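Inspection log for the structure reproduced underneath, given as structure tokens.
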Amino acid sequence: MINRYENVVIETVSRLLVPALQLFGLYVIAHGHGSPGGGFQGGCILAASFILMVIAYDIRVAKSHMSENLNTILCCLGVFIYGGIGLLCVILGGNFLDYSVLHKILPVDPVKARYMGILGVEIGVGMAVMAVMISIFLNIASRGEHEGHENSVSVSAGVSDRRNNE
Amino acid sequence: MKIIAFFATFITGFLLIYATVDMPDWGDPNSPPNAHVSPRYIEKVILETATPNIVTAVLADYRGYDTFGESVVIFTAGIICLMLLRRTSDD
């Protein structure tokens with residue numbers, strides 16, 4: 001478990017940096033059409049802002065902003081958005097992931113519908129990548145303990161005792 | 001055993017390097033991918049998808065199935081980490 005180590009400089013700088021990082025991550029996802037970027041990169045930047053929060057404060061403070069249940073839901077929802085857009089194209093009469101048929105439900109022409117399809121897919125990828133990065137980091141950093149776990153304190157004490165005996 | 005492993009590595013590396021010599025030069029305009037697929041994307045990407053960034057258009061539209069597989073791989077990795085590392089109350 002990463003315990004809190006009070007340091008005014010680190011906490012203030014990360015408090016200023018985290019919103020800027022998250023805004024930049026959203027910008028990278030949303031502006032993937034015109035500049036280098038996209039779902040994978042933007043999702044990683046969003047996850048990095050959360051990991052910075054865990055390192056600068058501790059896991060409990062970070063989890064109060066983003067609970068693990070919400071994180072797992074986002075992880076599944078991201079892949080669901082991607083597959084859902086693909087299946088929506090099939091339902092509307094096109095091929096799987098053929099976004100041009102989305103013009104039947106969007107108020108745009110088929111060319112712009114492909115643009116919108118790419119944007120939707122990138123948002124899904126960004127959510128999935130962000131949630132998976134956070135999930136892997138949290139599970140490794142907290143040794144798999146989570147808020148709903150009954151005897152997390154005793155389990156962690158047992159592990160540290162074993163470490164000391166070795 | 002180490003000698004067999006060394007020879008296996010050596011022969012595989014030799015074959016890989018030998019095959020690399022036959023590859024087209026870096027950035028050769030007459031190589032097959034540069035002569036067929038790339039010009040098609042560069043000419044038609046704005047007309048077909050209205051996306052200025054060709055990389056994004058190829059990633060999410062022309063090769064969307066591949067990217068779907070990538071995101072499923074990442075999702076699976078996350079779920080497997082969750083299953084393996086997370087403690088349940090009975091262990």
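In the range B:3-91, which trypsin sites (Lys or Arg not before Pro) fall in coil by DSSP and have 14 or fewer other Cβ atoms within 10 Å?
Within the range B:3-91, the qualifying trypsin sites (Lys or Arg not before Pro) (loop, at most 14 other Cβ atoms within 10 Å) are B:Arg63.
Give me A:Arg143, A:Arg114 ranked fewest to most by other Cβ atoms within 10 Å of their Cβ, as a rough exposure proxy.
A:Arg143, A:Arg114
Hey, how many Å between the Cα centroid of the range B:59-91 and the Cα centroid of the range A:36-68?
Comparing the Cα centres of the range B:59-91 and the range A:36-68, I get a distance of 18 Å.
Would you list, by chain and number, the lysines whose Cα falls below 30 Å from the Cα of B:Lys44, excluding same-chain residues fewer than 8 positions away?
A:Lys104, A:Lys112
Tilt of helix A:39-56 relative to the longest C-alpha principal axis of chain A, in degrees (0 to 90, nearest 10)?
With both axes taken from Cα atoms, the answer is about 20 degrees.
Relative to the longest principal axis of chain A, what angle (0 to 90°, nearest 10) does the C-alpha long axis of helix A:152-165 take?
It is inclined by approximately 60 degrees.
Any read-out appearing in this document is the output of simple, stated calculations on the displayed coordinates, not a laboratory observation. Since we're looking at a predicted model, the values are computed, not measured. So basically every Cβ, Gly included, is an ideal-geometry build from the backbone, and we count neighbours across all protein chains shown.
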